[in-house]
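To start, the structure itself, in structure tokens.
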Amino acid sequence: MLVGESGSGKTMCLRMLAGLMVPDEGKIELEGEAYYQSSPALFVPPDRRSIGYMAQDYALFPHLSALENVAFGLRASGVRRAGARRRARAMLDRLEIADLAERRPGQMSGGQQQRVALARALVLEPKLLLLDEPLAALDLATRRTVRTELAKLLSVLPCVTVYVTHSPAEALVFGDLVAVMEEGRVQQMGTRDDLLRHPRSQYVAEFLGLNLFQGRVRARTDDGLAVIAVEGGDIYVAHDVALGEAVHVVVEPREVVLSDEPPHGSARNVFAGPIEEMVPEPPGDRIRVAIGSHPPMIADITRGSAASMRLEPGRMAYASFKAIGARVFR
Amino acid sequence: MVLAIAVLVFLLGLPLLALLVRVPSGSLLARLGDPLIQDALRLSLFTSLLSTAIVVLLGTPVAYLLATRGWFPGRNVLETIIDLPMVLPPTVAGLALLLAFGRAGLAGHALSAFGFTLPFTTASVVVAQVFMSVPFFLTSARGGFASVPRSLTDAAATLRASEPYAFFRVVLPLSMPALIAGASMSCARALGEFGATITFAGNLPGVTQTMPLAVYVAFQTDLEASIALSVILMLLSFLLLVGLRVTPAGLAGGRPTAPRFVSTISR
């Protein structure tokens, strides 16, 4: 999972992995096979790498039908027409777009184009799958449904997948291994928990500045809230989610209120725990506080508040937020 | 603006109208029987089609090179040379060809050694036509190749396609309208070639006297004949123009699907 803002270099990275761009120096290796080396000089062109590449705009061939698009790579590899079409059709079936087989890209929606592009890359059984912001071109409504399906699909694929996105939330939902990039450098690479708990730089901490939980809707309250069971505890959210549904919950650190004694307000979510870490944030008068509660919480407070409550690592603190302060997505 | 349109239509349209109006009716078909006219017609069709074929064959790789590669040593020189015939006065071109390939010319000696004399042969007509019409095809072909989005050729590469495979399966089909338009313009130019032809190839009936030359000759003696010839030539050109305008539309469906957003992210 390569995550970073626009211009951080993540697409360039992907293109280098694909062979569409040549690095100045270094080494690119896949399962022991070198694709690029600066010394001794070696460069394997894209058509000889075992890759599947999906560009941000999908790059479907407009003069070919969906079936022909998907069969393209097979034909280019020398597979005979009948066999290629058969395998292409099977792939379209697998992605549930068999009915699009004879359609041209110009006659498809964004979501459909994306699936054709994916089918086209996957039918070649690549060892390395490269996805450049697969969800960016979709409108918000489609994005949500596609994201779930894509996550499901990617989890069963045998290939290594490098997924580029500018959305930290997406990275955290999808990624086994997440690398945060800034200005051409990888700032930190690790699992989701690694990054959330121990950001090794200001940038990563701020960039991923989210409280993210995964859980299932356990119950619904009388006053219309949903209770999400996440690891370590329950979170109350004001969302219309169905019982039993698996969801992600995001709470922004600035929605989290800290106090040094149990709060009396209207917040339905209260978590207590020792302060693990306090990291000052730019521009300078804010502090990010990590609480070792169940589940763990990150809160943003002003330096002044921290001082007046005498918060310091080790002390017990109470983190609370309102049910409507939590964002839910599937 | 209306005035400009009116003047232009008048200037361009009236001569064409005049030609059609003055056609000696009925005699047109009779004229076609004249062996001199048949010779000229046959020669024109043969040479212009051959020239176009040569231009397409030679021009396509060059257009592809210029459209897809960045700078290389000699690029500027190449581009200038191939654009030159478009701005060169045809008779000047004819003289230049003579000085290069004529019996006493730069390459003339070498050609003579092989038993070839170029000037005043049908082959020289083709050479003159190719010389003058190449830029018309090249400009269009080059534009066509360059208009194929890089993302498509990139995608083809990641789909195991070698460059030749990608050329024939992606670039060529998508730039076909431009190629056809270029070939049609080139053909039209070759068909109408006069200055270079008469200077380099001469005016020998049946051998180098193409339709435009025949019109000129007829004009000196028999106005009616020259009008008839002109109308035939005009009809041929018109057919080419129709072909030019019809095929791009017919081959559409190759319009690249751009997503409804502008990709400003992470490039």
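Charging the Cβ of each Asp and Glu at -1 and of each Lys and Arg at +1, and nothing else, the dipole of the protein assembly as shown about its Cα centre rounds to 1440 debye.
Taking each DSSP H run with n ≥ 4 as -39500 (n - 2.57) and averaging over every residue of chain B yields -23500 deg cm²/dmol at 222 nm.
Can you list the DSSP H helices in chain A whose Cα atoms extend at least 24 Å along the helix axis and whose mean Kyte-Doolittle hydropathy is -1.0 or higher?
Helices passing the filter in chain A: A:140-156.
How shielded is A:47-57 by partner chains, expressed as the average number of their Cβ atoms within 10 Å of its Cβ atoms?
Details: counts 10, 3, 3, 1, 4, 2, 5, 2, 6, 7, 10.
That average works out to 5.
In this calculation the C-beta distance from A:H264 to A:R218 is compared with R0 = 35 Å, giving a FRET efficiency of 0.85. Between the Cα long axis of helix B:172-192 and the first principal axis of chain B there is an angle of about 20°, rounded to the nearest 10. Shape class of the protein assembly as shown from the Cα gyration tensor (axes a ≥ b ≥ c, square roots of the eigenvalues): prolate, since a/c reaches 1.5 or more and a/b is larger than b/c.
Once you average over the residues of A:71-78, how many Cβ atoms of partner chains fall within 10 Å of each Cβ? Write down the numbers at each step before the final one.
Numbers: counts 1, 9, 6, 2, 5, 9, 4, 1.
Per residue, the average neighbour count from other chains is 5.
Taking B:S230, B:S44, B:S112 in turn, the Gaussian network model of chain B (Cα-Cα springs below 10 Å) assigns the largest fluctuation to B:S112. Since only A:P295, A:A307, A:V270 are under comparison, the one whose Cα sits farthest along the positive direction of the charge dipole of the range A:268-315, derived from C-beta charges on Lys, Arg, Asp and Glu, is A:V270. Remark on chain B: Rg and Dmax equal 22.1, 72 Å (Cα only). Dipole of chain B computed with +1 at Lys/Arg Cβ and -1 at Asp/Glu Cβ about the Cα centre; of B:L118, B:L179, B:L50, farthest Cα towards the positive end is B:L179.
Taking the C-alpha atoms only, the angle from helix B:75-87 to the longest principal axis of chain B is near 30 degrees.
Place the peptides A:26-39, A:124-137, A:150-163 in order of packing, highest mean first, counting for every residue the other Cβ atoms within 10 Å and averaging per peptide. Numbers along the way, then the final one.
Working: A:26-39: 13.0, A:124-137: 21.3, A:150-163: 14.8.
Highest to lowest by the protection proxy: A:124-137, A:150-163, A:26-39.
Based on Cα contacts under 8 Å between residues 6+ apart, chain B shows a relative contact order of 27 percent.
Treating the beta-carbon of each Lys and Arg as +1 and of each Asp and Glu as -1, no other charges, what is the dipole magnitude of chain A about its Cα centre, to the nearest 20 debye? Intermediate values should be presented prior to the final figure.
On the way: 39 positive and 41 negative charges, 270 e Å.
Using Cβ point charges on Lys, Arg, Asp and Glu, chain A gives about 1300 debye.
Lysine pairs in the protein assembly as shown whose alpha-carbon atoms fall under 27 angstrom of each other, counting only those eight or more residues apart or on distinct chains, come to 5.
So which GluC sites (Glu not before Pro) in the range A:86-166 pass both tests, a DSSP loop state and at most 12 other Cβ atoms within 10 Å of the Cβ?
Numbers: sites: A:E96, A:E102, A:E149; in loops: A:E96, A:E102.
Here the sparse-neighbourhood loop sites are A:E96, A:E102.
What angle do you read, to the nearest 10 degrees and between 0 and 90, between the alpha-carbon axis of helix B:211-221 and the longest principal axis of chain B? Between the helix axis and the principal axis of chain B, the angle is about 30 degrees.
The residues packed around A:A66, meaning those with a beta-carbon under 11 Å from its beta-carbon, carry a net charge of +2 if Lys and Arg are +1 and Asp and Glu are -1. Taking the Cα centre of the range A:55-106 as reference, the dipole from Cβ charges on Lys and Arg (+1) and Asp and Glu (-1) amounts to some 360 debye. Placing +1 on the Cβ of each Lys and Arg and -1 on the Cβ of each Asp and Glu in chain A, which of A:T145, A:P105, A:V247 has its Cα farthest towards the positive end of the resulting dipole? Value: A:P105.
Throughout, read-outs are computed from the coordinates displayed, never taken from laboratory work. Just so we're clear, the structure is a prediction, and the values are computed from it rather than from any experiment. Note that we place each Cβ from the backbone using ideal geometry, even for glycine, and neighbour counts take in every protein chain shown.
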